[in-house]
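**Q** Starting off with a structure, shown below.
Any read-out appearing in this document is the output of simple, stated calculations on the displayed coordinates, not a laboratory observation. Note that the structure is a prediction, hence the values are computed from the model and not measured. As a convention, Cβ positions derive from the backbone with ideal geometry for all residues, glycine included, and neighbour counts pool all protein chains shown.
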Amino acid sequence: MFLSQLGPDQRDSAISQLAIEEFDILVIGGGVTGVGAALDAASRGLKVALIDSQDIAAGTSSRSSKLIHGGLRYLEQYDFKLVREALHERELMVSTLCPHLVKPVGFLFPLTEKFKERTYVGAGLALYDALRGFQRALPWHKHLSQRQINEIAPSLRHDIVTGAIKYFDAQVDDARHTMSVARTAARHGAIIATRVAAESLIREGKRVVGVSARDLETNKKIAIKAKATIMCAGIWSDELHKKFELTAGYGVTMSKGVHIVLPGSAIKSDAGVILKTAVSVLFLIPWGDKWIVGTTDTPYEGDRAEPYASREDVQYILDQANRVLEPKLKAEEIIGVYAGLRPLVANIKSATTTKLSREHTVDRPAPGFVSIAGGKYTTYRVMG
Ligand SMILES: Cc1cc2nc3c(=O)[nH]c(=O)nc-3n(C[C@H](O)[C@H](O)[C@H](O)COP(=O)(O)OP(=O)(O)OC[C@H]3O[C@@H](n4cnc5c(N)ncnc54)[C@H](O)[C@@H]3O)c2cc1C
């Protein structure tokens, strides 16, 4: 039986094993996609190693909206396959895979007009609920009157919100969940080492037979041998394809998403709120005794490791939320801000990032080497 504990002693022993053993699978990247792939392979009895240049969930997988959802807005893009796949995963996570980590959360879709909007949104939510199939861990959506809304969400402006439809999705502490999957992979025998960066590929002829990596704590090189290498490097994919001298079948465009964190007292509502914006949606998400409000969706080309939120990002979020809130949110109430970068598979070079698909890509640019990118947190198992 293997231990699931990850720590300094375990890391020392992992570094030694990386240098001497030959693995069936080497995973590059300890975000949710990488740890999911490592767990899948290790639980099938394969000999697995995983390295991350930073820490488990240090990239996008700790900076999301923390929703396990089908993605209501993808319905409007007619991306039914993506929504159905994600809803299936959501139901499994809430009911079977990790109900201790993934919890249901209710959202109000506020209506500002009496009949047409209710019919349109109601039909969309009925389709959203139906697409999950017969596994039904979460309640069906519900129509609410203006009087009910005033009781449930006193912070929603009574002068413009004429009613709402309440639907359910789920939420998770993303970094904690990714760490739990990594520890479960370790429990199944996966060798996991953080602060180990993949630098180049080891080849025999055209075949990739491992990775030359660097232990960033000691600056020592490690030659890791593996029958297959799977790269799950998210927004670092383009950079690594270049370093590895591979001609990849896709590129990754980065889209920045910012969230602000507010105290629970800032918004009076017993449920979360989803608002349609000109380019996407904005969520007001209950988070313990706080609120997370976001997100933005803008093209990004700066530092991958440390994306930051600008004053404009924060103002945009406040402005969008304040369309329906009374009293309005104030900048002084903000107690935290974080920014993350979406890895969007760029299949159409000229497209704006908002329109790029959230579907994932699996690419095999060389024998013995696979790279996976794109997708959503919710569908990490499907990707791996
Ligand atoms: C603002 C925002 C909100 C989002 N909200 C949601 C949501 O609510 N629900 C949802 O389902 N999805 C959401 N997503 C999408 C989701 O978060 C991502 O799709 C997912 O986290 C990507 O995981 P990943 O493992 O592919 O990438 P990452 O988590 O970025 O992992 C890549 C890893 O590769 C490592 N790496 C890079 N270079 C090297 C190297 N040379 N050697 C070794 N390791 C390396 C990095 O350190 C990093 O840990 C959101 C994304 C953003 C940005």
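**Q** With each label point set 7 Å from Cα along the Cα-Cβ vector, what nm distance links LYS220 and GLU326?
**A** Output for this residue pair reads 6.7 nm.
**Q** Can you list which of the trypsin sites (Lys or Arg not before Pro) found in the range 5-99 are DSSP loop residues with at most 13 other C-beta atoms within 10 Å?
**A** On the way: sites: ARG11, ARG44, LYS47, ARG63, LYS66, ARG73, LYS81, ARG84, ARG90; in loops: ARG44, LYS47, ARG63, LYS66.
Hits after loop and neighbour filter: ARG44.
**Q** Calculate, in whole percent, how much of the Cα-Cα pair population of the chain lies beyond 33 Å.
**A** The proportion of pairs with Cα distances above 33 Å equals 33 percent.
**Q** While we're here: Take LYS227, project a point 7 Å from its Cα along the Cβ direction, then tell me which residues of the range 19-62 have their backbone nitrogen under 17 Å from it.
**A** Counting backbone N atoms under 17 Å from the label point, the list is 21-27, 38-50.
**Q** Give, in nm to one decimal, the length gained when the segment between GLN135 and ASN150 is fully stretched (0.36 nm per residue of separation minus the Cα-Cα distance).
**A** The span from GLN135 to ASN150 would gain 2.2 nm if fully extended.
**Q** Right, something else. By how many nm would the segment from SER16 to ARG84 lengthen if fully extended, with 0.36 nm per residue of separation less the alpha-carbon distance?
**A** Length gained, SER16 through ARG84: 20.2 nm.
**Q** Let me ask something else about it. Among ILE285, ILE372, ILE160, which comes first, second and so on when ranked by fewest other beta-carbon atoms within 10 Å? Kindly include the intermediate steps, with their values, before the conclusion.
**A** Details: ILE285 22, ILE372 25, ILE160 13.
The most exposed by this proxy come first: ILE160, ILE285, ILE372.
**Q** Taking the Cα centre of the chain as origin, sum charge times position over the Cβ atoms of Lys and Arg (+1) and Asp and Glu (-1), and report the length of that vector in debye to the nearest 20. Write down the numbers at each step before the final one.
**A** Working: 49 positive and 42 negative charges, 148 e Å.
Dipole of the chain, to the nearest 20 debye: 720 debye.
**Q** Okay, next question. Helix 174-187 versus the longest principal axis of the chain: what angle, 0 to 90°, nearest 10, using Cα atoms?
**A** 30 degrees
**Q** Calculated FRET efficiency, ARG44 and GLN77, Cβ-Cβ r, R0 25 Å, to nearest 0.05?
**A** My answer for the efficiency is 0.15.
**Q** Right, another one. Going by Cα centres, the range 142-160 and the range 210-262 are how many Å apart?
**A** If we compute the Cα centre of each part, the gap is 47 Å.
**Q** How much of the DSSP bridge set in the chain is antiparallel, in percent, rounded to the nearest 5?
**A** 75 percent
**Q** Principal axis extents for the range 110-266, Cα atoms only, whole Å, descending order, please.
**A** For the range 110-266, the Cα extents along the three principal axes come out at 69, 35, 31 Å.
**Q** When THR298, THR60, THR96, THR178 are ordered from fewest to most other Cβ atoms inside 10 Å of their Cβ, what list results? Could you put the intermediate results ahead of the total?
**A** Values: THR298 17, THR60 23, THR96 10, THR178 26.
Final ranking by Cβ density, sparse to dense: THR96, THR298, THR60, THR178.
**Q** Moving on. I'd like the GluC sites (Glu not before Pro) in the range 18-127 restricted to DSSP loop residues with at most 16 other Cβ atoms within 10 Å, sorted by number.
**A** GLU21, GLU113
**Q** Just subtract the alpha-carbon distance of PHE2 and SER265 from 0.36 nm times their residue separation and send over the number in nm, one decimal.
**A** Values: separation 263, 0.36 × 263 = 94.68 nm, distance 4.50 nm.
Extra length from PHE2 to SER265 when fully extended: 90.2 nm.
**Q** Same structure again: Local charge sum around PRO367 (other residues, Cβ-Cβ under 14 Å, Lys/Arg +1, Asp/Glu -1)?
**A** Around PRO367, the charge tally is +3.
**Q** While we're here: Using a 10 Å cut-off around each Cβ, can you sort ASP9, ASP169 from fewest to most neighbouring Cβ atoms? Can you show the working numbers first?
**A** Values: ASP9 9, ASP169 25.
So the residues, fewest neighbours to most, are ASP9, ASP169.
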